[in-house]
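The values are calculated or read from the model by the stated rules, or taken from the named source; none is laboratory data. Remember, predicted model here, so these are calculated numbers, not experimental data. Quick reminder, even Gly has a Cβ in these numbers, built from the backbone with ideal geometry, and neighbours come from all protein chains shown. These area figures cover heavy atoms from the full protein model, side chains too; ligands, DNA and RNA do not enter into them. Shrake-Rupley method; radii C 1.70, N 1.55, O 1.52, S 1.80 Å.
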Amino acid sequence: MAKRDYYETLGVNRGAGDAALKSAYRKLAMRYHPDRNSGDTEAEKKFKEINEAYDILKDTEKRAAYDRFGHDAFEGGMGARSSGFEGFGAGFADIFDEMFGGGRGRRSGRDRRQGADLRYNMTISIEEAFSGRQAEIRVPSTTECSDCGGSGAAAGSQPQTCGLCHGAGNVRAKQGVFTIERTCHNCGGAGRVIEKPCRACRGAGRVQREKTLSVDIPAGVEDGTRIRLSGEGDAGAQGAPPGDLYIFISVEDHPLFRRDGADVYCSIPLMMTTAALGGQIDVPTVEGSRARINISPGTQTGTQFRLRGKGMTVLRSAARGDLYVTAVVETPMNLDRHQKKILEGFAATQNESTSPESNGFFDRVKGLWGDRKD
């Protein structure tokens, strides 16, 4: 009987990428794994087929040959193994780990003894985000034991090669047609065992300490920016690599400014007389200086002024955003008798020319409903 098309076996199209292939393979492998289908010969047959298909399609050269010649490319021992089981390699080991708890180290390619990554939350002001800053932070973490240099072994002794896995960190066992690879339980995957542990760290190679770090916050950082300090996380076990430290930046709200990317927005109260007669006002900028704006006579609430290059610093650039200032005309309050008389005199003389918007609005209302009053 002719072999089934490999793409059809995995349920993917011919243009499927590596991620789609792997995802399809994982689902099928978990579904038809013999340990989940004890005594089911059809499931075992299906499992062999999907392993054979994935073994070919995950390899760029084999896949190209298959796409061109089909199954004929592998006749006579040229390609896939008939069983698809031997040694499973990178194809199936990660699936087995996922199903039966073999450990995340193999799936991610990360040494299981590697130190954990750490997170540090830092809040800065918008002014600090504008100019950048040097900050010192104190981080509780595990660090390399100074007594044993991170080896975990007492002075004068050395870790010994594990007698069970012979330094590989993994052990293999035959289960019928399967070759199962698991993390060595004797050494925990390290490949070495410590016969005389260090007293200071009790063989771990690391101890709990608080360390002080200097962090360079670059100018122009935005809320949510993540800074990675490689190797500044927890120390690894018994000399394994350390993890990383991730600093998450939060930019606190400002009483005057609102930031949108590199641009900054603010609203400025404008005296009615200045708005009516025109003039000049000084407005604050995010860098701490002041900038002068010319106010045209008759300026209304909502009028926006753009100050080019007065916004935020752009990250890793000499450029800057803009500052947008919105005018909010302030209505006079708490008038004395003299001020009231002045405004009453003005009110008596104002017309369509001095208040075109309000007069125009009420003229439109009359046009719609006339002079009707309820």
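Points worth noting:
- Ile281 falls short of the stated requirement of being touching a residue at least 60 places away in the same chain (Cβ under 8 Å), open to solvent by 20 Å² or more (accessible area, probe 1.4 Å), β-branched (Val, Ile, Thr) and over 30 Å from Ser141 (Cβ atoms).
- Selected residue (criterion: farthest from Gln280 (Cα to Cα)) from residues of region 292-322 that are open to solvent by 70 Å² or more (accessible area, probe 1.4 Å) and part of a strand (DSSP E or B): Arg320
- When Gly302 is tested against (1) in contact with a Phe, Trp or Tyr (Cβ under 9 Å, 6 or more places away or on another chain); (2) under 16 Å from Tyr324 (Cβ atoms), exactly one condition is not met: (1).
- Sole residue being touching a residue at least 60 places away in the same chain (Cβ under 8 Å), farther than 24 Å from Glu144 by Cβ, assigned to a strand (DSSP E or B) and touching a Ser or Thr at 6+ places or on another chain (Cβ under 7 Å), chosen from Ile249, Ile180: Ile249
- Listed by first and then second residue, the pairs linking a residue in region 161-173 that is open to solvent by 60 Å² or more (accessible area, probe 1.4 Å) to a residue that is among the charged types (D, E, K, R) and part of a strand (DSSP E or B), with Cβ atoms under 9 Å apart and 6 or more places separating them unless they lie on different chains, are Thr161/Arg192; Arg172/Glu181; Arg172/Arg182.
- Residue, least open to solvent (accessible area, probe 1.4 Å), within region 199-217, restricted to residues that are outside any strand (DSSP E or B) and out of contact with any strand residue (DSSP E or B) (no Cβ under 6 Å at 6 or more places or on another chain): Gly205
- Which numbered condition Arg138 misses (of (1) open to solvent by less than 60 Å² (accessible area, probe 1.4 Å); (2) part of a strand (DSSP E or B)): (1)
- All conditions in (1) within 27 Å of the chain's Cα centre (by Cα); (2) open to solvent by 20 Å² or more (accessible area, probe 1.4 Å) hold for Gly236, with the sole exception of (2).
- For Gly39, the conditions (1) within 38 Å of the chain's Cα centre (by Cα); (2) modelled with pLDDT under 80 all hold with the exception of (1).
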